[in-house]
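Following: one structure in structure tokens, then a few remarks.
The values are calculated or read from the model by the stated rules, or taken from the named source; none is laboratory data. Just so we're clear, the structure is a prediction, and the values are computed from it rather than from any experiment. Don't worry about glycine lacking a Cβ; one is built from the backbone with ideal geometry, like all the others, and counts go over all protein chains shown.
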Amino acid sequence: MQWLVQFFSSGIGKKVLMSLTGLFLILFLIVHLIGNLQLLKDDGGQAFNLYADFMVHNPLIKTISYGLYFFILLHAVLGLLIAAYNRKQKGQKYSVSNSQKTTWASKNMALLGILILAFIFLHMGDFWFKMKFTDQLNLQTYDGVTVKDLYARVSVAYQELWIVVAYLIGLFALGFHLWHGFQSAFQTLGLNHKKYTPAIKGLGKIYALVIPLAYAIIPIYHYFFMK
Amino acid sequence: MSDLHLNIKVWRQNQKNDSGHFETYKVTANEHMSFLEMLDVLNEQLVREKKDPVAFEHDCREGICGTCSMVINGQPHGPLAATTTCQLHMRFFKEGETIVVEPFRASAFPVLKDLVVDRSSFDRIIQSGGFISVNTGQAPDGNAIPIEKDKAGKSFEAAACIGCGACVAACPNGSAMLFTSAKVTHLGLLPQGKVEEEKRVQAMVAQMDKEGFGMCSNIGACEAECPKEIKLENIAYLNRAYLKSVFTGE
């Protein structure tokens, strides 16, 4: 196993870990979005509450969710360590900076990541933590099945302007993070070829726009139309 | 033939561990001079004034050796794309302009004096594996080993790297991935070099890490500033070759 330790301690190995965890989180974003779009349903939260109950009790989902928490932490911690190391190894900055053909996002991935991490803490503290570890949520019974009313908690949260604004900031940061991260993940894995790289870059930009926008609809819709 | 009156704000540092500072000099330079010739004029002026001339590296002055390392107005080798400092002419600057000249910055490239940095870390990366081992003896026949045109072309493009270090200087992470990947691609695409690729990639990546270069985050500043237009695809090649050597290597 020494070879594996050696691999993950190399610069490329660490970046491969960032890439793989990043790609996993990119996939997670789709699954999470599809589930949560049920918050837009006008059924008093029945579909969403049943779905949320399934997500916290299904053993397969539970197992994957532990992987997800681990990958989020790994991606965040390793990313910050890499950024700190790179900063140190760059040493003194130039007095004039004039970088060509580079995106702002690509040079600020750590800052964007910190914003996203802060958002995740706010988001999980408000919903996931209350759902899993407290009895703060009311109970709702649908066809004899009693579940926690997470929908009500979400709905109340999205009536607060500051929460909606915080979500929009988090999603804005996510969009920029994806703008660079999506295609960068493939480059790190060595996948750069004229056959498919233009498609990956195009898809990455669409993804970075569409996914955060679709997420943003949920709090905005609740704030304005579901009082 | 018109003269330019310039303010040259240049980094002065006496030796390796000094803190260093900027000094501004007035220089009158002809528009046909190269940037290095303009610095020569400045240095003659400084010598006449019994001052220490600005130390900078130069050798071929024809854009192929990669010695002339400096950052001009925030860009390694100055504002012109695909051009080394020695091939940059003063006609690309404006009358009365203040030009800021700094050394390449990266902790793996420590400043020795003024604009001179120690780039021996690149030499050690090459020594670790950037070569093809051959037996001595008679020279092989030309074209004895067939090489596909496409591969020869790509290899040649990567071989255009002159090892100047502009990629490291431009990289906000101080990463040497573009340089190392150019060497790995150049050798790895040829049948003579393919044989030792696994060993080469492992050794060169290990040496690159050991020298304290940062990690690549695919920003692309290196590609934008490279005077020989080495492409980011080379870095993907290196990543691929490294992964292959780690997971499927003999």
Checklist entry - Restricting the search to region B:182-212, which residues are assigned to a helix (DSSP H, G or I), more than 10 Å from every other protein chain (Cβ to nearest Cβ) and not charged (D, E, K, R)? => result B:182, B:184, B:185, B:186, B:187, B:188, B:191, B:192, B:193, B:203, B:204, B:207
Checklist entry - Which residues, counting only those in region B:56-86, are part of a loop (DSSP other than H, G, I, E, B), of a type outside the set (A, V, I, L, M), within 12 Å of the chain's Cα centre (by Cα) and within 14 Å of another protein chain (Cβ to nearest Cβ)? => result B:69, B:77, B:83
Checklist entry - Pick from region A:78-99 the residues that are loosely packed, with under 14 Cβ neighbours inside 10 Å and under 29 Å from the mean Cα position of the chain (by Cα): which of them is nearest to the other protein chains (Cβ to nearest Cβ)? => result A:88
Checklist entry - Quick check: is even one residue across region B:220-227 in contact with a helix residue (DSSP H, G or I) (Cβ under 6 Å, 6 or more places away or on another chain), under 26 Å from residue A:9 (Cα atoms) and outside the structural domain of residue B:74 (by TED's automatic domain parsing)? => result yes
Checklist entry - Within region A:59-77, is even one residue within 14 Å of another protein chain (Cβ to nearest Cβ) and among the charged types (D, E, K, R)? => result no
Checklist outcome for this item: Taking first residues from region A:108-132 that are more than 26 Å from residue A:84 (Cβ to Cβ) and touching a residue at least 12 places away in the same chain (Cβ under 8 Å) and second residues anywhere that are part of a loop (DSSP other than H, G, I, E, B) and polar (S, T, N, Q), the pairs with Cβ under 7 Å that are 6 or more apart or on different chains are A:130/A:136
Checklist entry - List the pairs whose first member sits in region B:227-250 and is farther than 13 Å from residue A:4 by Cα, whose second member is surrounded by fewer than 21 Cβ atoms within 10 Å (Cβ to Cβ) and among the polar types (S, T, N, Q), and whose Cβ atoms are under 6 Å apart, counting only residues at least 6 apart or on separate chains? => result B:227/B:83
Checklist entry - Would you pick out the residues in region A:1-36 that are facing chain B (nearest Cβ under 8 Å), buried (at least 16 other Cβ atoms within 10 Å of the Cβ) and part of a helix (DSSP H, G or I)? => result A:7, A:11, A:12, A:13, A:14, A:15, A:16
Next on the checklist: With the requirement that a residue be in contact (Cβ under 8 Å) with a residue 24 or more places away in the chain and out of contact with any Lys or Arg (no Cβ under 9 Å at 6 or more places or on another chain), what does region A:187-212 give you?
Outcome noted: A:204, A:205, A:207, A:208, A:209, A:211, A:212
